[in-house]
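> Sharing a structure below in structure tokens format, with a few things to ask.
The values are calculated or read from the model by the stated rules, or taken from the named source; none is laboratory data. All of these numbers come straight from a predicted model, not from anything done at the bench. Using ideal geometry, Cβ is built from the backbone for each residue, glycine included, and neighbour counts are taken over all protein chains shown.
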């Protein structure tokens, strides 16, 4: 059989060592720096995402600790206002854009093909591209801070404070261009996830059989596809206003509008908040049942609630603008929408609670993180519910109450599940277990530190402390409560350090994990730890949501069983199976691309465009644009080996 | 203008601002004037109790945290909102408590099992009722809150009576320009950073963003309304009892967002009318001596930014300082209005409020003293 | 949902028709691009309903259709040409594929040239008013898309000339065509917004 055959009847078989050896040859990345720069392996890319996101988490955390010292008591003078403004802006930008989204992209990148029983993401080179651009965008944004011109207008960057007239340095230009660059990365990644969902599921994995993490990342990705353009556009228009004299946000008689910025930003911003929590909630929905020894209660309800949250999430952006003077009748609508969006969240909370209630807990570190998340999620949820009520929000908004809320959302619903996910999937990533004893210390330190640091912010908010103040006067009644917050934030930071320490220690000396250390039900646990470059020797077939638990689940009629270790043999080069979007019946053998430098070169060229725009160096923009076009053409040039062109004559 | 500021090593006024803000009884009774005060001999705790024995705790909270809005809010607007605020807090705390208890019960209702290579798996059944009951109850609570919210919103959307006074407030980086509007143009006057209102009357505010977006917030009297350049937002509020309230900018507006506060004084209608007539009248320019010299220096060094009605100083870039000596605070709620603080402020405005637009005037200590003396006469 | 999986039988290999991953990717790229234009037009309408001095929205009165209407027809014609090319490659007619793509590329370039003259005629510049900023940025965004689209069509034209495609292997043509049809469709929205809504009364 030649590689260029139009059609083929793939053989069906079981895992054989010599098949595995051949696949290893086909799929492995070349050793050395060349392989490192050109790899398209989703596992490698996923780990890079996670490591990079954690590096940014540490940077953002250190920034926060510095200004927590400043705020620990009234009239502290550790920082001057400009330093404070850059630090809090960098902190918000880092955590929201460079940590919270990318870390979930990392987990999803690593886990998706394994959960789906696939060999890779649908578009492996785009996957590499999305990582490189993310890395370069992060460096771009931090370059500003490193030379003393960090963004300083808060992460939502309201105009006209961000306009040239009030912000003369290059700070905001860095921010605007860096965010557009980062938006390209996010969009590329989102498209890849959606296509992977549509096309790359193992035979038989119909849409009612995919893990909830898949639903979470899928809905987040769909949201990103529709929401990212809003913020990229807003930043582009701002850059135009600042550099070529357009009038989009010009409030000094040019016909522009300051509120246009807020609409565009929050049309993106609110869906984004869901995009950076839904995959994390998905990780809990998949991880928690493993430690309750039963399937998730209400799978369909939770999956639908995930989608419903996202759809409703597009209709509530105005609740960030309740105080901007909009008519009360429209406020009523957005208030109601913002409150009712809690219903799908309630579905999740009660599904998780019921899963624990009706199961038997296995007290491991991931269980601690996942189950405590339910409480933190509830606290973040009810504080959000409070701000949904317009008259109350008029008092709460822009106080520390909102700061408390956003941290219960981002730490409670992102960092805690991520920490649990690290304990849960680290054995799969590395083949070694994390230290459980240290894990317990880690969990309790983070849990106590977090609540000590951030719960009091609800109180300081109710006592009227505005957010984004670099200091406050004595006599406002906020001293002690801020001191407690500062102490708590340092305890929390110590907890995060324990996590990192545990990872560094265990990656070398942790106990060996085996394929399935938690006795979990999904496909990623059917392959070795760490998985081979080709993920699965043969493509699994799936007949339920719990392929590895089928033999033990009671009440399941005697129907077709999943086959994690038997199925299609695809060994003619890098190949994967394409299945149809609903039922996941095989409909094509996909030829997967090999490792390539094109994504790296493309990312460098795109970044060069943005450097050119920053420096207003039009020649650089032009050269880089040509570079992007040339790379694209080389990248996409049809290859016979990939079945992208017709047969050669008489071939 | 900012951004190019390369991390200046600011120095700050080390004199603590401690206690400079005059804490007063929210119900209009500055406690030092109480008869009990003279007898209390500094025992402030007893003093508080004697002033407001019934609401002691609430009273203490509102005076210890002047911007809080959960104990001190009152009047026709903030007061109407307060039950809703407490209501959603109560619902939220109840939800937290219920979920915490359910979670603890779920986890510890039976012993856990140890991790093993192959463990029992329970059936995929049960728990659905838990889910649906929980969601149904939550939905009812949410719907009730929506109805309550819309009702309160309708109630506070309009003032209970036609506003008796219209005040135009323009927010600048980082101070407040206050204009009292009147159909009679001669009765219009401008002041800064301190707003007087009559009690028992709805007051209408026209809110303007003078440069960037600010937000107007007097927690005890009303929620926030943003002040956005290019549009005029409206807000009404009403104080039901005389007293002094604190206001604060609550939208991040740049370097000195933290130090952009103001004072609201609610007077009885009679006191307010007197205050207003007094404000409309020009200040008297001293005829000679040290004060005249101070007035001259003021005009020369300060007059291009600041105005004093009745003098030649007519600048519009900074706060109008007419009747300056009647104000409680200087520098937008940052320092108590004392001659020492005023002198310190004029000597080094950038030390006290780094980045603010008032540059250090070139003055000898003597000239500065004369200006302070002059300003203190602007009653 | 099917309960059992059929693993028997033959399957196509490699990128074909709408089963190519690239085709699916292009669908969602078009979604995000459509959202981008949605937000651009939202910005137009949002600013249009703000107060303006008379005669400044649209700046210098309702825009003339003299060039814009014929140009719209030119762009639509190019889409027809691409569609014809797509139809013909599925019938294994490589010659008509090439002709169709070449005509589309030519029409795309004509559109750009006419659009250049349309810009030249405008009495305002990018930095005159909010309207002028919107006009040049939104039509500029569209022109950038036409430039990219012409590049895409030119590339698949080259591949067609090299004989890469036949009635089974033509996924790149469909993928490129999808983009081009989108660029044309979105022009209709831009055209309607700038040239028709002022006639319907949306002006200051």
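> Scan the stretch B:317-351 for residues that are more than 29 Å from residue B:271 (Cβ to Cβ) and either in contact (Cβ under 8 Å) with a residue 24 or more places away in the chain or in contact with a strand residue (DSSP E or B) (Cβ under 7 Å, 6 or more places away or on another chain) (or both) and jot them down.
B:317, B:343, B:344, B:346, B:348, B:350, B:351
> Checking residue C:68 against (1) in contact (Cβ under 8 Å) with a residue 12 or more places away in the chain; (2) within 14 Å of chain A (Cβ to nearest Cβ), only one condition comes out false. Which one?
That leaves (2) as the condition not met.
> OK, next. Which numbered condition trips up residue B:120, out of (1) at the interface with another protein chain (Cβ under 7 Å from one of its Cβ atoms); (2) part of a loop (DSSP other than H, G, I, E, B); (3) closer than 25 Å to residue B:84 by Cβ?
Evaluating residue B:120 over (1) at the interface with another protein chain (Cβ under 7 Å from one of its Cβ atoms); (2) part of a loop (DSSP other than H, G, I, E, B); (3) closer than 25 Å to residue B:84 by Cβ leaves (3) as the failure.
> For the stretch A:428-444, does any single residue satisfy the condition of being under 19 Å from residue A:68 (Cα atoms), out of contact with any strand residue (DSSP E or B) (no Cβ under 8 Å at 6 or more places or on another chain), more than 14 Å from chain B (Cβ to nearest Cβ) and assigned to a helix (DSSP H, G or I)?
no
> Counting just the residues of the stretch C:42-55 that are at the interface with chain A (Cβ under 7 Å from one of its Cβ atoms) and surrounded by fewer than 20 Cβ atoms within 10 Å (Cβ to Cβ), which one comes out nearest to residue A:205 (Cα to Cα)?
C:46
> Residues in the stretch A:474-499 that are out of contact with any helix residue (DSSP H, G or I) (no Cβ under 7 Å at 6 or more places or on another chain), assigned to a helix (DSSP H, G or I) and either in contact (Cβ under 8 Å) with a residue 60 or more places away in the chain or under 23 Å from residue A:444 (Cβ atoms) (or both): how many?
The number of residues fulfilling the criteria is 3.
> Please work out which residue is nearest to residue B:79 (Cα to Cα), limiting yourself to the stretch B:125-150 and to residues that are more than 7 Å from chain A (Cβ to nearest Cβ) and touching a residue at least 40 places away in the same chain (Cβ under 8 Å).
B:148
> Answer yes if at least one residue in the stretch A:289-305 is assigned to a helix (DSSP H, G or I) and under 18 Å from residue A:420 (Cα atoms), and no otherwise.
Yes: one or more hits.
> Counting just the residues of the stretch A:444-455 that are touching a helix residue (DSSP H, G or I) at 6+ places or on another chain (Cβ under 6 Å) and surrounded by fewer than 23 Cβ atoms within 10 Å (Cβ to Cβ), which one comes out farthest from residue A:405 (Cα to Cα)?
Out of the qualifying residues, it is A:445.
> Let me ask another. Quick one: which helices (runs of 4 or more DSSP H) lie wholly within the stretch A:346-422 and hold at least 1 residues that are at the interface with chain B (Cβ under 10 Å from one of its Cβ atoms) and under 29 Å from residue B:124 (Cα atoms)?
Correct list: A:365-388.
> Among the residues of the stretch A:230-250, count how many are touching a residue at least 40 places away in the same chain (Cβ under 8 Å), more than 20 Å from residue A:410 (Cα to Cα) and surrounded by 23 or more Cβ atoms within 10 Å (Cβ to Cβ).
6
> For the stretch B:358-376, give me each residue that is buried (at least 16 other Cβ atoms within 10 Å of the Cβ) and closer than 23 Å to residue B:177 by Cα.
B:358, B:361, B:371, B:372, B:374, B:375, B:376
> Can you tell me which residue is surrounded by the fewest Cβ atoms within 10 Å (Cβ to Cβ) among those in the stretch B:333-354 that are in a loop (DSSP other than H, G, I, E, B) and within 12 Å of chain A (Cβ to nearest Cβ)?
Only one residue fits best here, namely B:354.
> Could I ask something else about it? Under the condition of being more than 32 Å from the chain's Cα centre (by Cα) and farther than 24 Å from residue A:169 by Cβ, which residue from the stretch A:218-256 is farthest from the other protein chains (Cβ to nearest Cβ)?
A:253
> Let me ask something additional. Give me the residue from the stretch A:578-599 that is touching a helix residue (DSSP H, G or I) at 6+ places or on another chain (Cβ under 8 Å), within 21 Å of residue A:635 (Cα to Cα) and more than 7 Å from every other protein chain (Cβ to nearest Cβ) and, out of that set, surrounded by the most Cβ atoms within 10 Å (Cβ to Cβ).
Residue satisfying both the conditions and the ranking: A:599.
> Need a quick list: helices (runs of 4 or more DSSP H) entirely within the stretch A:18-125 having at least 1 residues that are under 16 Å from the mean Cα position of the chain (by Cα) and at pLDDT 95 or above.
So the answer is A:42-71, A:81-93, A:101-116.
> Given the conditions (1) surrounded by 15 or more Cβ atoms within 10 Å (Cβ to Cβ); (2) over 24 Å from the mean Cα position of the chain (by Cα); (3) in a helix (DSSP H, G or I); (4) within 7 Å of chain A (Cβ to nearest Cβ), report the number of the one that residue B:153 does not fulfil.
(2)
> Next question. Quick one: in the stretch A:335-344, which of the residues that are crowded, with 24+ Cβ neighbours inside 10 Å and part of a helix (DSSP H, G or I) is farthest from the other protein chains (Cβ to nearest Cβ)?
A:338
> Which residue out of A:423, A:470 is in contact (Cβ under 8 Å) with a residue 24 or more places away in the chain and closer than 30 Å to residue B:219 by Cα?
Criteria check complete, one pass: A:470.
> Still on this structure, please answer the following. Can you tell me which condition residue C:39 does not meet? The list is (1) crowded, with 18+ Cβ neighbours inside 10 Å; (2) within 7 Å of chain A (Cβ to nearest Cβ); (3) in a loop (DSSP other than H, G, I, E, B), and all the others hold.
Every condition holds for residue C:39 apart from (3).
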